[in-house]
């Protein structure tokens, strides 16, 4: 199986939240197909789902609009990162973007193992405020549909998944005290049932 790495991610924090960022090294990436004129199919179970992970200082909450969708439904995961420590705010060093997403087929082999550009950006997280992160695809392109997703799937910014049960997770991976400092890695995951072809 031939796998080629690709990262299709975008910073979701406003420029004012970053202080003197180091820009990632430009790489040749496929251009996403930004056309979204398709009408998403109606979800089967419109019950929102969310899950939260935390450590002593940070929380990550992942939410999706519905626990059950069809294979033609555009799933819209959102992650929210918060600082819950004793200070008024902290400067966090992290990759681009602030969180990365992963997708795993439960009971199967298909997966998107997410990642970030390994740059050292700095963002200020204020206690009681939330940094919202939209879903972004990243990871390795697979030519084998039994194990992963092809280039066409990565180029489509909307998240649609084949029939099956899936785990969708977001991971915050940041450091305090500079790059290579005190590391905090927090994840949260939700599950969704996809029905139909």
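The values are calculated or read from the model by the stated rules, or taken from the named source; none is laboratory data. Just so you know, these numbers come straight off a predicted model, no measurement behind them. Every residue, glycine as well, gets a Cβ built from its backbone with ideal geometry; the counts of neighbours run over all protein chains shown.
Given the structure, is residue 154 more than 23 Å from residue 67 (Cβ to Cβ) and touching a strand residue (DSSP E or B) at 6+ places or on another chain (Cβ under 8 Å)? Taking the combined requirement at face value, the residue satisfies it.
Would you please name the residue that is modelled with the lowest pLDDT, looking only at residues in segment 98-115 that are surrounded by fewer than 22 Cβ atoms within 10 Å (Cβ to Cβ) and closer than 21 Å to residue 59 by Cβ? Of everything passing the filter in segment 98-115, 114 is modelled with the lowest pLDDT. Scanning segment 117-133 for residues that are modelled with pLDDT of 95 or more, under 19 Å from the mean Cα position of the chain (by Cα) and either surrounded by fewer than 16 Cβ atoms within 10 Å (Cβ to Cβ) or more than 30 Å from residue 91 (Cα to Cα) (or both) yields a count of 2.
In segment 114-138, what residues are at positive phi and not in a loop (DSSP other than H, G, I, E, B)? Passing the criteria: none in range. Evaluate the following for residue 98: is it within 26 Å of residue 180 (Cβ to Cβ) and assigned to a loop (DSSP other than H, G, I, E, B)? No: the conditions fail for residue 98.
Table: residues versus (1) modelled with pLDDT under 95; (2) in a loop (DSSP other than H, G, I, E, B); (3) under 15 Å from the mean Cα position of the chain (by Cα).
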{"site": "140", "(1), (2), (3)": "yes, no, yes"}
{"site": "147", "(1), (2), (3)": "yes, yes, no"}
{"site": "169", "(1), (2), (3)": "no, no, yes"}
{"site": "175", "(1), (2), (3)": "no, no, no"}
{"site": "180", "(1), (2), (3)": "yes, yes, no"}
{"site": "187", "(1), (2), (3)": "no, no, yes"}
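In segment 155-167, how many are surrounded by fewer than 17 Cβ atoms within 10 Å (Cβ to Cβ) and in a strand (DSSP E or B)? Number of matching residues: 3.
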